[in-house]
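Chemist: Submitted below is the structure of interest, expressed as structure tokens.
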Amino acid sequence: MNRIAEEVGLQKASVYHHYAEKDTLLLALVDYVVEELRYRIVQPDDEDPRQQLRRFIDEVVFGHHAGPDATALSPPTDGTIRAFIQIRAQAVHDDDYREQITTIDRIQQEHIAEIIQRGVDAGEFRDVDPTQVASFISTLLTGVFTRRVTMTTDLTPVREATHAYLEAVLVA
């Protein structure tokens, strides 16, 4: 709570005025993350499904922004991912956190499954079970996030293997 108060430029008592305890504040943060996911990630996109899925994996999962000067994965310094991993750890002991994390995972999986289903419908992807592939990618997302913030390791091979997997499984 001290760090939060310092970061936003308030006295600690002011933070407690709005949030009686740390868990109330963290659950409000998770609510915010859920709404951000709905707004940013789940918006319909006019890209073809293959490019949209590739962009989602590169940018959201690996933090790699495509472009002429983008040659390496971004370093694991994203405070949002760190906070998310810490909040996820709370779900082990607290049903309120578990419910919120489950909601976030469901939103991500549904979004990925919708992209895959569009690809199947357009004949760009094989006739696969979109939910199964989306579940795998969502699980991978959690692992990559954890590695990004807890290790100093090059995730390029994992990123390349993920794209190779999706090409092998999805591309007709």
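Chemist: Name the residues in the range 42-59 that are modelled with pLDDT of 75 or more and under 17 Å from residue 110 (Cβ atoms), would you?
Modeler: 49, 52, 53, 56, 57
Chemist: Going by the structure shown, is residue 127 within 28 Å of residue 83 (Cβ to Cβ), surrounded by fewer than 11 Cβ atoms within 10 Å (Cβ to Cβ) and acidic (Asp, Glu)?
Modeler: no
Chemist: Which one of 38, 106 is at pLDDT 70 or above, part of a helix (DSSP H, G or I), surrounded by fewer than 18 Cβ atoms within 10 Å (Cβ to Cβ) and under 21 Å from the mean Cα position of the chain (by Cα)?
Modeler: 106
Chemist: Still on this structure, I have one more. Out of the residues in the range 126-166 meeting the condition of being without any contact (Cβ under 8 Å) to a residue 24 or more places away in the chain and polar (S, T, N, Q), tell me which one is nearest to residue 101 (Cα to Cα).
Modeler: 139
Chemist: Shifting gears a bit: I'd like the full set of residues that are acidic (Asp, Glu) and under 19 Å from the mean Cα position of the chain (by Cα), limited to the range 158-172.
Modeler: Residue satisfying the conditions is 160 alone.
Chemist: Continuing with this model, one more query. So which of 113, 91, 83 is small (Gly, Ala, Ser), modelled with pLDDT of 85 or more, surrounded by 14 or more Cβ atoms within 10 Å (Cβ to Cβ) and closer than 26 Å to residue 151 by Cα? It would help to see each step written out before you state the result.
Modeler: Values: 113 fails: closer than 26 Å to residue 151 by Cα; 83 fails: modelled with pLDDT of 85 or more.
Only one candidate qualifies: 91.
Chemist: Follow-up. Limited to the range 138-161, what total is found for residues that are touching a Gly at 6+ places or on another chain (Cβ under 7 Å) and either outside any helix (DSSP H, G or I) or exposed (fewer than 12 other Cβ atoms within 10 Å of the Cβ) (or both)? Quick ask: steps written out before the conclusion?
Modeler: Initial filter on the range 138-161 (touching a Gly at 6+ places or on another chain (Cβ under 7 Å)): 148.
Retained after the next criterion (residues that are either outside any helix (DSSP H, G or I) or exposed (fewer than 12 other Cβ atoms within 10 Å of the Cβ) (or both)): none.
Qualifying residue count for the region: 0.
Chemist: Determine which member of the set 116, 112 is in contact with a Pro (Cβ under 8 Å, 6 or more places away or on another chain), closer than 22 Å to residue 48 by Cβ and without any contact (Cβ under 8 Å) to a residue 60 or more places away in the chain.
Modeler: 112
So that you can scan it fast, the table gives a plain yes or no per residue for (1) over 16 Å from residue 57 (Cα atoms); (2) under 18 Å from the mean Cα position of the chain (by Cα); (3) of a type outside the set (Lys, Arg):
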site	(1), (2), (3)
117	yes, no, yes
123	yes, no, yes
126	yes, no, no
135	no, yes, yes
138	no, yes, yes
144	no, yes, yes
150	yes, yes, yes
156	no, yes, yes
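The values are calculated or read from the model by the stated rules, or taken from the named source; none is laboratory data. Since the model is a prediction, treat every value here as computed from it, not as a measurement. Please note: Cβ atoms are built from the backbone with ideal geometry, for glycine as well, and neighbour counts cover all protein chains shown.
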